[in-house]
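Inspection log for the structure reproduced underneath, given as structure tokens.
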Amino acid sequence: MDIIFYHPTFDTQSWLAGLQQQLPEARVREWREGDNQPADYALVWHPPVEMLAGRKQLKGVFALGAGVDSILSKLKAHPDMLPAGVPLFRLEDTGMGLQMQEYAVSQVLHWFRRFDDYQAQKQQANWQPLDEYRREDFTIGLLGAGVLGGQVAESLIAWGFPVRCWSRSKKDYPGVTSFAGAEQLGDFLNGTRVLINLLPNTPQTVGIINAGLLEQLADEAYVLNLARGVHLVEADLLAALDNGKLKGAMLDVFSQEPLPVDSPLWKHPRVAITPHIAAVTRPDEAMAYIARTIRQIEKGEKPAGEVSLQHGY
Ligand SMILES: NC(=O)C1=CN([C@@H]2O[C@H](COP(=O)(O)OP(=O)(O)OC[C@H]3O[C@@H](n4cnc5c(N)ncnc54)[C@H](OP(=O)(O)O)[C@@H]3O)[C@@H](O)[C@H]2O)C=CC1
Ligand SMILES: O=C(O)C(=O)CO
């Protein structure tokens, strides 16, 4: 079995060594320009088109992250990049669920305990206890309730917050109120105080967090964008912060990354920023998942994690 690997920034040598350990029977190599030698599996992130095009013998392509938007947008421009019938897999969880839980819980608690207000008071040496917020006024709404959204919902339930989610299909997560489909988006937004985005980037979700959506949230709402920058209309977010509809935002992802130095988001006092680190690929867990999945394919089984090209995630 031959495996080719391409990632523009990962430590390729340590991945090759790790994969070799997980799959001793395989020959694992770094893909380099001009390599047309046979391969059964390809592990990729932002792959050059020529790495995959024409490789009809592939039994699977693995995206080395959870989101497959970059590979699918390339596929749109170069439809022959993924030969027909070759399944595309993505990383499901592999350690990202816990990272998303840490990020979401810490920020929700930061807002709930009014640490943003106390930080602002500190700038003015102002010693002033504030009214406490009540959990019943702090409904958390998850846009996207899949592998990561579902785990974030579970962690916030454990902290006693009212939690609701919105997805394409109805969910049955204990304690979480589920809304599904475009027709229930309004009901989902109505009363949501903290909006957490964990949707995939698809034609249906681009620009979904816009002025019209923000207007439907509870007053003094908060936005936590953990998914993709293109989901959020940044100018609409700034306007909603400045007109008082939104109290704060924390953003991990941006329409342009790195976020340009002249972006007004950097300077806004009620916007917190992290550089797309909400959940990173954990090599050991990712390699174990890939090895397990390859073994399932080799046995003729149907593994989890296959991307639906029809739905785009
Ligand atoms: N910032 C970061 O560091 C990271 C960001 N991400 C981002 O997080 C995203 C989510 O990851 P993951 O949870 O694994 O993905 P999943 O595919 O497991 O979940 C996606 C969720 O979105 C829902 N959804 C998709 N399209 C629509 C729609 N049109 N309307 C309503 N709901 C919709 C799905 O509904 P249904 O369940 O019904 O299918 C599902 O609940 C990734 O696509 C990636 O972009 C991921 C990792 C790290
Ligand atoms: O896995 C993903 O989709 C990511 O965004 C990783 O940073």
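Within segment 275-295, residues that are under 21 Å from Y6 (Cβ atoms) reach partners that are within 11 Å of ligand 2 (Cβ to nearest atom) and of a type in the set (V, I, T) with beta carbons closer than 8 Å, at six or more positions or on different chains, in the pairs H276/V253; T281/T94; R282/T94; E285/T94; A286/T94; A288/T94; Y289/T94.
Which ones in segment 94-116 are under 18 Å from V68 (Cα atoms) and buried (at least 21 other Cβ atoms within 10 Å of the Cβ)? Within segment 94-116, T94, M96, M100 meet the criteria.
Among residues of segment 100-112 that are within 10 Å of V152 (Cβ to Cβ), those with a beta-carbon under 8 Å from a residue that is within 15 Å of ligand 2 (Cβ to nearest atom) and charged (D, E, K, R) at least six positions away or on a different chain give the pairs Y103/D252.
State which residue is farthest from P269 (Cα to Cα) when the search covers only segment 208-231 and only residues that are within 12 Å of ligand 1 (Cβ to nearest atom) and not polar (S, T, N, Q). Looking at residues that are within 12 Å of ligand 1 (Cβ to nearest atom) and not polar (S, T, N, Q), I get I208. The set of residues from segment 22-35 being out of contact with any strand residue (DSSP E or B) (no Cβ under 9 Å at 6 or more places or on another chain) and in contact (Cβ under 8 Å) with a residue 12 or more places away in the chain comprises Q22, E25, E33.
State all residues of segment 45-54 that are more than 16 Å from ligand 1 (Cβ to nearest atom), closer than 23 Å to Y289 by Cα and surrounded by fewer than 23 Cβ atoms within 10 Å (Cβ to Cβ); if no residue qualifies, say none. M51, the sole residue that qualifies. Is it true that some residue in segment 295-305 is within 22 Å of R168 (Cβ to Cβ) and over 20 Å from the mean Cα position of the chain (by Cα)? Yes, some residue in segment 295-305 is within 22 Å of R168 (Cβ to Cβ) and over 20 Å from the mean Cα position of the chain (by Cα). Would you say I140 is of a type in the set (A, V, I, L, M, F, W, C), more than 22 Å from T281 (Cβ to Cβ) and within 16 Å of ligand 1 (Cβ to nearest atom)? Yes, satisfied. Can you confirm whether segment 193-215 contains a residue that is surrounded by fewer than 19 Cβ atoms within 10 Å (Cβ to Cβ), closer than 24 Å to A66 by Cβ, within 16 Å of ligand 2 (Cβ to nearest atom) and aliphatic (A, V, I, L, M)? The answer is yes, given that some residue of segment 193-215 is surrounded by fewer than 19 Cβ atoms within 10 Å (Cβ to Cβ), closer than 24 Å to A66 by Cβ, within 16 Å of ligand 2 (Cβ to nearest atom) and aliphatic (A, V, I, L, M). Could you check segment 66-92 and list, in sequence order, the residues that are touching a residue at least 60 places away in the same chain (Cβ under 8 Å) and within 11 Å of ligand 2 (Cβ to nearest atom)? Answer for segment 66-92, where residues must be touching a residue at least 60 places away in the same chain (Cβ under 8 Å) and within 11 Å of ligand 2 (Cβ to nearest atom): A66, G67, V68, D69, R90, L91, E92.
Of the residues making up segment 260-313, those that are of a type outside the set (S, T, Y), in a loop (DSSP other than H, G, I, E, B) and buried (at least 16 other Cβ atoms within 10 Å of the Cβ) are H268, H276, A278, A279, R282, P303, G305, V307, G312. The condition (being more than 16 Å from ligand 1 (Cβ to nearest atom), within 24 Å of R282 (Cβ to Cβ) and not aliphatic (A, V, I, L, M)) is satisfied by just one residue among G67, G60: G60. Looking only at segment 70-124, which residues are basic (K, R) and either within 12 Å of ligand 1 (Cβ to nearest atom) or in contact with a helix residue (DSSP H, G or I) (Cβ under 7 Å, 6 or more places away or on another chain) (or both)? Passing the criteria: K74, R90.
Where a number appears in this text, it was derived from the coordinates with a stated rule and is not lab data. Since the model is a prediction, treat every value here as computed from it, not as a measurement. We place every Cβ from the backbone using ideal geometry, glycine too, and count neighbours over all the protein chains shown.
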